Amino acid sequence: MIDNKIKTIDVDSAEIAITIITATYVEDVPKVVLDSLSTNNYGDFKIFLTHQPQPEIIETAEEK
């Protein structure tokens, strides 16, 4: 299981960055975790992935 991390995949000359937010079995993801993951994602194409989207997760993804 990947827990609150960024994984990158190189495709030709582009970098795809997948931010994986683990929100299973918790009421909310700490803001510091969301901010850290979203501001450290430098991919050419970004995917923000979570199994249980919550309003603050969606808002953070939209801002970045």
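Some points to look at:
- Residue that is at pLDDT 80 or above and not charged (D, E, K, R), where the choices are A61, A17: A17
- Residues satisfying the stated conditions in segment 44-59, i.e. open to solvent by less than 100 Å² (accessible area, probe 1.4 Å) and touching a strand residue (DSSP E or B) at 6+ places or on another chain (Cβ under 8 Å): K46, I47, F48, L49, T50, I57
- D35, sole failed condition from (1) surrounded by 11 or more Cβ atoms within 10 Å (Cβ to Cβ); (2) part of a loop (DSSP other than H, G, I, E, B): (2)
The values are calculated or read from the model by the stated rules, or taken from the named source; none is laboratory data. Quick caveat: nothing in here was measured; it's all calculated off a predicted structure. Please note: Cβ atoms are built from the backbone with ideal geometry, for glycine as well, and neighbour counts cover all protein chains shown. Only protein heavy atoms, including side chains, enter the accessible area calculation; ligands, DNA and RNA are left aside. Shrake-Rupley method; radii C 1.70, N 1.55, O 1.52, S 1.80 Å.
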